[in-house]
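First the structure, in the form of structure tokens, and then the observations on it.
The values are calculated or read from the model by the stated rules, or taken from the named source; none is laboratory data. Here the structure is a predicted model, which means the values were calculated and not measured. Reconstructed Cβ throughout: ideal geometry from the backbone, glycine too, with neighbour counts over all protein chains shown.
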Amino acid sequence: MRSISDIKHYRTMLQNARTLEEAVVMEQMRATSRNLSALYAMLCVASLSLGMSFLNHAPLYLTLGLPCLFIVGSILRINHWRDSQAEFTDPLRAQRDFVVIEIGSLIIFAVIGGWIALLWPYAIGRQEAQLALFTGLIGPVGMMCSMPRPRIVAAGLSGTLLIFCFVFVRHDPFYYGYMAVPMAVSYAAFLKVSLTYKQRIAESVMLHNELVSENERASGLAESNRFLALSDTLTGLPNRRRFFEQINLFFERSPNGELPIVGLVDLDGFKPLNDVFGHSAGDAMLVETANRMKAAAARYGGSVARLGGDEFAYVLPWNTSREEAMKFSLELVASISHPVVLPSGDISRVSASVGMSSRSFDVASAKDLLEQADFALFRAKEATSGPVVEFSSHHAASKRREVLVHQAFKNADLDKEIHLVFQPIIDTRDGAIRRCEALARWDSPEIGMVPPGEFVPIAEKA
């Protein structure tokens with residue numbers, strides 16, 4: 001199996017290719033370079049073995065000198081190719097390296113051919129057969145290592161056949177001539193296999209490029225689907241799900257326990273506008289509100305979202321001061337209240353209420369900040385403290401009381417705990433009691449007497 005680094009190298013190589021031919025050349029170079037070490041090792045062993053067999057019959061420069069020189073050169077070339085793996089991602093460098101390999105192959109075969117010709121006069125009996133075997137096999141075995149590049153294979157096999165014919169067939173045309181014929185046919189089969197191998201490389205590269213294109217299209221489609229899943233289709237703002245991800249991100253990345261500021265924005269007067277002017281007018285108002293909020297948040301490094309309907313939200317980073325957050329919220333309210341030209345040509349406006357979270361309370365998660373902002377927004381909608389309300393200690397106490405009453409209400413035995421009291425209705429003319437108003441009262445054994453103003457809204461929610 002390929003290693004991860006090898007796969008990355010392969011991808012980089014194909015990405016750098018400007019044409020299919022360049023990609024094929026780089027893949028040929030990559031495949032060939034992996035076999036060059038084995039090729040040089042085989043040549044070293046074969047040449048040393050051949051030289052040793054002539055040790056007592058030929059001069060030392062032929063038997064040991066040339067093989068040792070060949071071994072040294074092979075070691076240098078093996079180290080060169082081992083250090084050149086990263087260069088195969090450059091198509092121009094790969095083409096130049098192939099030219100060097102092709103020229104080097106011709107030089108190697110010329111040297112080997114000259115060496116065989118010099119050893120031939122010293123060959124006697126078995127040595128002659130060994131020399132012929134070395135000549136006939138060294139070419140095809142060596143070319144198997146260069147199989148991805150048919151030009152090198154053709155040059156090597158042709159050179160081997162020429163050397164065999166020049167040295168052996170010329171000496172004994174009848175015996176060695178019959179050997180040269182099957183050699184030529186075998187070499188032609190080798191070349192055909194090499195051409196097929198190159199074709200498979202080209203097909204593999206084409207298939208990889210198609211797979212990359214399909215993967216890019218699939219990635220683009222997945223990204224588009226993710227954008228649609230996390231965005232509001234009308235305004236283009238992040239939707240509720242994406243906003244929850246954003247406030248969690250702001251919360252987790254805040255250093256030293258500093259908290260971001262979360263705000264909820266609700267439009268006042270939007271429903272009447274939608275009812276009177278139609279949904280297209282309502283959509284135009286929402287789009288314009290989103291644009292104004294986005295422009296305002298950009299100046300403070302914040303992010304805005306549409307949670308649904310006419311409810312929006314924002315989050316400001318941890319380094320935003322309380323004063324800046326309040327200033328931003330007031331600017332937001334003022335910006336939203338500016339007139340908007342509707343598609344019908346009419347001019348209308350809406351106002352906004354904002355609830356902000358507070359840094360004065362310890363929280364366990366970003367969800368707590370959102371709950372603070374939601375509670376503050378509820379108070380802002382009551383129009384008791386202005387359009388912008390920050391969560392406070394009074395709100396915290398009210399919230400705790402609300403949770404307490406809610407839990408007690410869920411556990412209550414209403415048949416026993418709720419009782420009636422009667423408010424007499426008196427005729428002011430004569431002071432007589434004409435009728436009575438029946439009022440429900442809840443006497444909880446857990447938290448005591450609960451006023452109707454507390455438990456009725458909770459009962460309505462439940």
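The residue that is surrounded by the fewest Cβ atoms within 10 Å (Cβ to Cβ), counting only those in the range 314-325 that are among the hydroxyl-bearing types (S, T, Y) and touching a residue at least 12 places away in the same chain (Cβ under 8 Å), is T320.
With respect to the conditions (1) crowded, with 19+ Cβ neighbours inside 10 Å; (2) under 38 Å from the mean Cα position of the chain (by Cα), L377 lacks only one, and its number is (2).
For the range 381-401, the tally of residues that are modelled with pLDDT of 75 or more and touching an Asp or Glu at 6+ places or on another chain (Cβ under 8 Å) stands at 1.
Yes/no per residue for (1) in a helix (DSSP H, G or I); (2) in contact (Cβ under 8 Å) with a residue 60 or more places away in the chain:
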residue	(1), (2)
M52	yes, no
H57	no, yes
F109	yes, no
I116	yes, no
E128	yes, no
L131	yes, yes
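With respect to the conditions (1) under 25 Å from F361 (Cα atoms); (2) more than 34 Å from the chain's Cα centre (by Cα), G282 lacks only one, and its number is (1).
Just a yes or no: is a residue in the range 295-313 crowded, with 18+ Cβ neighbours inside 10 Å and of a type in the set (D, E)? Checking the range 295-313: at least one residue is crowded, with 18+ Cβ neighbours inside 10 Å and of a type in the set (D, E). A single entry from S329, S353 fulfils the requirement of being assigned to a helix (DSSP H, G or I), among the hydroxyl-bearing types (S, T, Y) and closer than 24 Å to Q246 by Cβ: S329.
Taking each residue of the range 183-194 that is touching a residue at least 40 places away in the same chain (Cβ under 8 Å) and among the aromatic types (F, W, Y) and looking for partners that are assigned to a helix (DSSP H, G or I) and surrounded by 12 or more Cβ atoms within 10 Å (Cβ to Cβ) with beta-carbon atoms closer than 7 Å, six or more apart or interchain, yields Y187/P140; Y187/L157; Y187/L161; F190/P140; F190/M143; F190/V153; F190/L157. Screening L39 with (1) modelled with pLDDT under 80; (2) surrounded by fewer than 18 Cβ atoms within 10 Å (Cβ to Cβ) gives one miss only, at (2).
Every test in (1) of a type in the set (A, V, I, L, M, F, W, C); (2) more than 26 Å from L330 (Cβ to Cβ); (3) within 40 Å of the chain's Cα centre (by Cα) is passed by F277 save one, and that test is (3). Each residue in the range 29-50 was checked for being charged (D, E, K, R) and without any contact (Cβ under 8 Å) to a residue 40 or more places away in the chain, and 1 of them qualify. Please tell me if V181 is at pLDDT 75 or above, surrounded by fewer than 16 Cβ atoms within 10 Å (Cβ to Cβ), closer than 24 Å to E21 by Cβ and assigned by TED's automatic domain parsing to the domain that holds G114. No; evaluated as a whole, the condition is false for this residue.
Number of residues in the range 439-455 that are among the aliphatic types (A, V, I, L, M), at pLDDT below 80 and surrounded by fewer than 13 Cβ atoms within 10 Å (Cβ to Cβ): the value is 1. Taking the conditions (1) surrounded by 19 or more Cβ atoms within 10 Å (Cβ to Cβ); (2) farther than 29 Å from E252 by Cβ; (3) among the polar types (S, T, N, Q) in turn, S280 satisfies each one other than (1).
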